[in-house]
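Participant: Below is a structure I'd like to ask you about.
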Amino acid sequence: MIRRREFITLLGGAAAARPSAARAQKAVVPVIAVLSGGSNQFPAFTNGIAKGGYQDGRNVSIEFHSVRGSYDKLPILARELVSRRVAVIRTMNLLCLIFASSSCFADAVGKNG
C-alpha cells in the first residue's frame, strides 16, 4: 500500500511534468476566405466586417484568393478552401459561388456516400 508522503510526491511530480492546459491551448481564430475571379480589393467588404466588430488578425483571419481571370483554376481553389474547413467562403461573383457551392456539395457527398 502506498503511503501518504509517497502519494503526495507522486502527485506533485505528475502535476509538474504535465504542461499547463492554459499555456498549451491556442485560441482558434475563424478564417473567412474571399474568393474572386479578379481583384483582391474589396474595401466595402472589409469595412462591413470591421463595423461588425471583427478585426483581421485579431478575432478573425481574412484571406483573399483570386484566380485573376483564369477561371479554369476556380474549381481547384474552391476545393482547397472547402478541404481546409474555413469558417466562411465569401464569393464575389456568380461563377465563384457556383464552384464553391459545388465543391461543398461534392465534399459532403464524398464523406457520406
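Participant: What tally of residues in segment 77-102 results from selecting those that are under 11 Å from Gly37 (Cα atoms), surrounded by fewer than 17 Cβ atoms within 10 Å (Cβ to Cβ) and in contact with a helix residue (DSSP H, G or I) (Cβ under 9 Å, 6 or more places away or on another chain)?
Facilitator: Selection size over segment 77-102: 1.
Participant: Within segment 56-74, restricting attention to residues that are surrounded by 11 or more Cβ atoms within 10 Å (Cβ to Cβ) and without any contact (Cβ under 8 Å) to a residue 24 or more places away in the chain, which residue is farthest from Thr91 (Cα to Cα)?
Facilitator: This residue is Asp56.
Every number in this text was worked out from the coordinates using simple rules, so none of it is lab data. Here the structure is a predicted model, which is why all the values come from computation and not from measurement. A quick note on method: Cβ atoms are made from the backbone with ideal geometry, for glycine too, and the neighbour counts reach across all protein chains shown.
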